[in-house]
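The next block holds one structure in the form of structure tokens; read it before the comments.
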Amino acid sequence: MLGARAQGGWRALRRCASLPRAVRLRVREALGAREAADAVRVQGWVRSVRSQKEVLFLHINDGSSLEHLQVVANPSLENRDLTFGSAVEVQGKLVKSPHRKQNMELQAETIRVVGPCDIWSFPLKMKERHPLEYVRQFPHLRCRNNTLGSLLRIRSEATAAIHSFFQNNGYVHIHTPIITSNDCEGAGELFQIEASSEVRGSAEKTHFFNVPAFLTVSGQLHLEVMAGAFTHVFTFGPTFRAENSQSRRHLAEFYMVEAELSFTESLQDIMQVMEDLFKTVTSTVLSKCPRDVELFHKYVAPAQKDRLEQILKNKFVTISYSEAVEILKQASQTFTFKPEWGCDLKTEHEKYLVKHCGEIPVFVINYPYDLKPFYMRDNEDGPQHTVAAVDLLVPGIGELCGGSLREERLPFLESRLQRLGLTDAYQWYLDLRKFGSVPHGGFGMGFERYLQYILGVDNIKDVIPFPRFSHSCLL
């Protein structure tokens, strides 16, 4: 039998076990709670501190929501480390808030400072609306800014929406290589990669993979391989282009959404997927991140909300490249680059065409044969020879998506590769046309450019998690 002391200890242990255990909640969960709770634990970072004679107010955030959770505490819980930016763990009761602007608040019983923050050297200041240009100087800290926090939640939701769109429409997700030996025939300037020992130099020049290797500029050709076994495939991953990434429009590293559809002979089929993808993902982001999107539409691009709503209601416009050139030639606007048939459309041309068509996204189809890569399908027309290519232009940005029908006819492909001197390099690509080739096509969309457009952000570097070349070191 247990002694009296042991029995007393056991009873005390059982009483402790019966006490309510603090439930850990995210800030978003706490704000959305429908009922009060007696024992709640919330962890996050302090966004504001206000101490009064009889009460201490904190606002804390853990990144799950743009809105902060208000903490009400006895002033005795305050300590010198409880400052803006400090990391804390708060336990207490979740109760209905008397204020109309918030649903719930946390009545603190304990506040533990997990990580203090030196407010004097911390570059972000309490209750200051820092411009994007300022926070761009601190790539390692800028995610703690409200605007960038909203951007990252929107990126996350848009990423999930893109995957859901394709999966709900029967596409198979393919992980295409990041290191590749092909350059997608002129899709962009390449970053060549070498082992560090090769860079330091050796008596005999060799390649790690026995052939020159590059960071991918597109997953399209790899997707075409998969499109010989799966009728609908897509990829969504990083791509790299060694272009001037110091401009407000370009990035050296960005994410690309790409898809290929087999058994399609119509460019309209490709365009419909592009339009459906844009509208579905945008509608999802607007419905699931309303407060985050509102922040951008209120403080960054005040008129963007109305523009987006108008675009989602309307069918996209379609014009041919030849029609586009004629529109540009008749324009009263003076362009830096004179529009001529056979020349590529510049950004100034693309923006004008969208404006001319009523600020609605515009599909420009059937580009000159000599402007486009070898894999685009020959329209066999004349006298102005074109291919079945399409670019989607959006207001204020220009090109957002680009795609085409692919040349599935072996004689046409052989002839063009031979003229370009690429037959040996793309023998494997010709094989795809020898063994069960079908009409097919696809497109790609730059993810950051998409975000830049729907949020109305001027500089594309403000829609990426880590801006490059903006700090003393490259993260």
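The values are calculated or read from the model by the stated rules, or taken from the named source; none is laboratory data. Fair warning: this is a prediction, and the values are worked out from it, not measured in the lab. Methodologically, a virtual Cβ is constructed for each residue, glycine included, from the backbone with ideal geometry; neighbour enumeration extends over all protein chains shown. Areas reflect the complete protein model, heavy atoms only, side chains present, ligands, DNA and RNA absent. Shrake-Rupley method; radii C 1.70, N 1.55, O 1.52, S 1.80 Å.
With the simple model of a label 7 Å out from the Cα in the direction of the Cβ, residue 51 to residue 163 spans 4.5 nm. Per residue, the accessible area of the chain comes to 52 Å², computed with a 1.4 Å probe over protein heavy atoms only. Nonpolar atom fraction for segment 368-460, defined as the carbon and sulfur part of the 1.4 Å probe accessible area, stands at 50 percent.
Each Lys and Arg contributes +1 and each Asp and Glu -1, all at the Cβ; summed about the Cα centre of the chain, the dipole is approximately 3140 debye.
Put 282, 334 in order of accessible area, highest first, and with a 1.4 Å probe you get 334, 282.
Counting only protein chain heavy atoms and rolling a 1.4 Å probe, the accessible areas of 134, 426 rank, largest first, as 134, 426. Projected label points at residue 74 and residue 114, each 7 Å from Cα along the beta carbon direction, are separated by 2.5 nanometres. Pairs from the list 298/351; 93/298; 125/279 with a Cα-Cα gap above 27 Å: 93/298; 125/279. Extension gain for the segment residue 425 to residue 318, taken as residue separation times 0.36 nm less the Cα-Cα distance, is 35.0 nm to one decimal.
Working note: 222 nm ellipticity from helices only, DSSP H runs with n ≥ 4, each -39,500 (n - 2.57), summed and divided by the residues of the chain, gives -9500 deg cm²/dmol to the nearest 500. Projected over every direction and averaged, the convex hull enclosing the alpha-carbon atoms of the chain yields 35.1 nm². Distance from the C-alpha centroid of segment 150-175 to that of segment 312-360: 31 Å, rounded to the whole angstrom.
How much length would be gained if the chain were fully extended between residue 195 and residue 381, taking 0.36 nm per residue of separation minus their Cα-Cα distance, in nm to one decimal?
Working: separation 186, 0.36 × 186 = 66.96 nm, distance 4.75 nm.
Separation in residues times 0.36 nm, less the Cα-Cα distance, equals 62.2 nm.
Can you give me the span-like helices of the chain, meaning DSSP H runs with 18 Å or more of Cα extent along the axis and Kyte-Doolittle mean at or above -0.5?
Working: long enough: 4-18 (21 Å, -0.70); 146-168 (33 Å, 0.04); 267-288 (32 Å, 0.28).
What comes out of the filter, once short or polar helices are dropped, is 146-168, 267-288.
The stretch between residue 266 and residue 96, if pulled fully straight at 0.36 nm per residue, gains 55.4 nm over its current Cα-Cα span. Three semi-axes describe the equivalent ellipsoid of segment 23-115; taken as square roots of 5 times the Cα gyration tensor eigenvalues and ordered largest first, they are 18, 14, 12 Å. Packing-based ranking of 90-99, 266-275 yields 266-275, 90-99, ordered from highest to lowest mean Cβ neighbour count within 10 Å.
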